[in-house]
Amino acid sequence: MIEIKNIEKIYQTGTVGFQALSGVSFSIKEGEFVAIMGPSGSGKSTLMHILGCLDTPTTGKYFLDGKDVSKLNEDELAEIRKNKIGFVFQAFNLLPRTTALRNVLLPLVYAEVEPMEREKRAKESLKSAGLDEEFFDHLSNQLSGGQIQRVAIARALVNDPALILADEPTGNLDSKTGEIVLETFRKLNKEHGRTIILITHEHDVAEHADRIISLKDGLIINDTKK
């Protein structure tokens, strides 16, 4: 599904350049659950932005589902993000005075899906993400942190993306709630075959994945499968 070939990323400020990634290469198969781990400054956020088509590499190639997305323009990258990638962020990014169901079906409104189909798909996504049906009509500011993150996961699933990209998804949760959310990812991977990439700086979070790619100073220092 994913093939990264000798990716380098250099940020230029005036005459000074900072190399965030230095020749990174790896591949990820469909249905894998992979954690990309590293401390602050390791390059994991830069890599996440490239994997999520939020940025492009300075040099190297990025293939997603066989398509070279490393040189696409902004409009083409936006199309890939809309159709191929589901994002789950640390900050949730839900509309606060909007119901869980409405938050999830909004991407389908923008995609001009028929109203009946929108509601059906949104409810299926919420169930897949493990939110009890009694909370579908609750406003997001009436839900717990774990429930909110499950709504965010459901929103990421609703367009049936090829890839779920989760950036520090437990960062704003207590450890018990974080475990519940991570188990939701495991269930989506094991029972539904979802391809998931988890970005984290915490080893115990990364351990929930089946493979850990460790970064330091813009380089892969370890790539371990369980």
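Structural remarks
- Filtered by the rule that a residue be under 19 Å from the mean Cα position of the chain (by Cα) and either of a type in the set (D, E, K, R) or at pLDDT 90 or above (or both), the range 101-115 gives Asn103, Val104, Leu105.
- For the residues Ser128, Ser144, the requirement of being of a type in the set (Ser, Thr, Tyr) and surrounded by fewer than 19 Cβ atoms within 10 Å (Cβ to Cβ) singles out Ser144.
- Looking only at the range 78-98, and only at residues there that are over 13 Å from the mean Cα position of the chain (by Cα) and closer than 17 Å to Met1 by Cα, the one that is modelled with the highest pLDDT: Ile80
- Out of Thr184, Thr224, sole residue that is surrounded by 15 or more Cβ atoms within 10 Å (Cβ to Cβ) and either of a type in the set (Ser, Thr, Tyr) or part of a loop (DSSP other than H, G, I, E, B) (or both): Thr184
- Subset of the range 31-53 (residues that are at pLDDT below 95 and charged (D, E, K, R)): Lys44
- Summed over the range 120-141, residues that are at pLDDT 90 or above and either of a type in the set (Lys, Arg) or assigned to a helix (DSSP H, G or I) (or both) total 11.
- The residues of the range 147-177 that are part of a helix (DSSP H, G or I) and within 15 Å of Asn103 (Cβ to Cβ), listed by number, are Gln147, Ile148, Gln149, Arg150, Val151, Ala152, Ile153, Ala154, Arg155, Ala156, Leu157.
The values are calculated or read from the model by the stated rules, or taken from the named source; none is laboratory data. Owing to the predicted nature of the structure, the values given are computational and were not obtained by experimental measurement. Neighbour counts run over all protein chains shown; Cβ positions are idealised from the backbone, glycine included.
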